[in-house]
Amino acid sequence: MTFNGLKYALIYRKSLIIEQVQKRLSNASIFDSNSKQNIMRTGIIIPCYNEANRLDSKAFKSFILSNDDYHLCFVNDGSSDKTMEVLKSIQTGREDQVSIIDMKKNSGKASAVRSGARYLYNRTDIDYIGFIDADLSTDFNDFTKLVESINSNKDLQIVYGSRGKGNGSIERNPIRMLFSKIIKVFTGMILGLPISDTQCGAKVFTRDIIPVAYNQPFITQWLFDVEIFIRLKNYFGRDQVMNHLYEQPLQRWVHMDDSKLGIRDAVQIPLKLISIWLNYGRLKQLTNFPILNISKASVLNAGADLSRPKAA
């Protein structure tokens, strides 16, 4: 073989090696991309109203840094303090994992959670949607266990925390304990379901059930959890609904001071529950409520600028 022939043979062999290496790298990239797409991602709604002094920025940042499969959606419910500043500090540098919905007018917890749910539902990268309180009275450890439970059972549509079951560490204000017992008596009569704790601020839903739970506005702002259970009962039927719900005992729950639920709100609870009972008794159209797509336009009408997550 001549020198030129040897030279061209080496060049050809080199090109074949490069082609094989590139093919392997390409296959590896596709595998990695598919692996990321197959991750079940959970969106957590955190409603906030004047929470600047109670938000544990360090805890939220730490959680999001160590959990790629979670997305935090803060809903600023018309706060008049520096809540937005704190939220932006949490979001900075983590815009792909933290969204902020800035509602210009205070509308209450129910509206804030509903806006967050409808926003996350319109994201194609979210599989489960839940909410927790901004003060982290239920911590991330318990919440992730709720997600594990719903992910392990295909029949479940909602898993919710319970402060009245199990042997977890539960710290409650005595006055709030009294009102919780009152709520439990009334909700038991209204729902007719074996649910111990409707009001725990930690719940997670499958994506498919979001339109059933959140498509319609809520009647009340603090008892919307009861309304959600009624909607699910109407949708699945009384005999089947508990096959799709799971009440999971919390390992830890701590009552935080400066609660947004005042005495005036608390004393109105029985009247509000009666209002729910009367209204849902007449709203026959909620029975067998179909799973509908929530359009982007309807989300924009939820009372907040949801066209784009607010960046710092």
* Structure fact -> Computed from the beta carbon distance with a Förster radius of 35 Å, FRET efficiency for GLU85 and VAL254 to the nearest 0.05 stands at 0.85
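Kindly state, to the nearest 0.05, the FRET efficiency for TRP277 paired with SER196, given R0 = 22 Å and r defined as their beta-carbon distance. It would help to have the intermediate numbers written out before the result.
Values: r = 19 Å, r/R0 = 0.87.
The value I calculate is 0.70.
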* To do: Read phi for every residue in the range 198-203 and hand back ³J(HN,Hα) as whole Hz from Karplus 6.51 cos²θ - 1.76 cosθ + 1.60, θ = phi - 60°, with x for Gly and Pro.
  => 7, 9, 4, x, 9, 9
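Please arrange ARG114, ARG207, ARG163 by how many other C-beta atoms lie within 10 Å of their C-beta, fewest to most. Walk me through the intermediate numbers first.
Working: ARG114 27, ARG207 19, ARG163 24.
The order, fewest Cβ neighbours first, is ARG207, ARG163, ARG114.
The numbers here are math on the coordinates, done by the rules we state, and not lab data. As the structure is a prediction and not an experimental result, all values here were calculated from the model. Cβ coordinates were reconstructed from backbone atoms using ideal geometry, including for glycine residues, and neighbour counts include every protein chain displayed.
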